[in-house]
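The structure appears below as structure tokens.
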Amino acid sequence: MGTELVSYKKQINAAHQACVDAKELGGKKAHECGTWLAKQRENVPEDQWLKWIRDNCDFEKSQAYVYLTIAGMDVQRVGNLSQRDCLKEAVDKKEESRILKEFDNKTKELRKERIASHRAKPAAEKAAEIQRDKELKEIEERKLSTRKKFQETVVSQREIAIKVVEAGYRAVAKDLHPDHGGGPEAMVNLNFVKERLLTLVKQQWRA
């Protein structure tokens, strides 16, 4: 790192203001702000990082860590999400990762025990080995079940969202249909909005 501090203060605060202005669809701008913050952090000594935020940013350190968290997500994934939805997805993924990691650690422990006992295994230990194999199989089944549960939740939420969009479409279509005083242009716009909403739904809930 050179003697002259590189500053991304202007870009960071501009992206933060864009997040404030964007309100419910601030995921993309939050990702941009977090990316600039990450670049800035590389150029600031660790013991001066919090002071740099206080002196240069238009937001608190807690918001800075929100931006950094979102910056670690896929930019295409967060593009149609609010900051709150981005954080919720990050937490859900973190919890899923934590649970699966626990299963993996337990699997490793049992495999180590199995290898150790196999080196000098009297007949009396065969029962213990069988029990460990049984536990190993149960853990693998629970791991698959946990992953399936997360996927089923996503699929269920997506199906509900699609039904909500389609129900709303049918309700509005009754008023915009030419038989009720509407016109072709109104129906074209309605169909466009419907397809756009369905696209957003499928992007939001990808299994």
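The values are calculated or read from the model by the stated rules, or taken from the named source; none is laboratory data. A quick note: this is a predicted structure, and the numbers were derived from the prediction, not measured. Using ideal geometry, Cβ is built from the backbone for each residue, glycine included, and neighbour counts are taken over all protein chains shown.
Structure above, values below:
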quantity	calculated
Qualifying residues in the range 26-48 (those that are farther than 13 Å from residue 8 by Cβ and not basic (Lys, Arg)) - the one surrounded by the most Cβ atoms within 10 Å (Cβ to Cβ)	30
Residues of the range 177-207 satisfying the condition of being modelled with pLDDT under 80, over 30 Å from residue 87 (Cα atoms) and assigned to a helix (DSSP H, G or I)	178, 179, 180, 184
Conditions (1) surrounded by 15 or more Cβ atoms within 10 Å (Cβ to Cβ); (2) at pLDDT 75 or above: number failed by residue 106	(2)
Subset of the range 32-76 (residues that are in a helix (DSSP H, G or I) and either touching a residue at least 60 places away in the same chain (Cβ under 8 Å) or among the acidic types (Asp, Glu) (or both))	32, 46, 47, 55
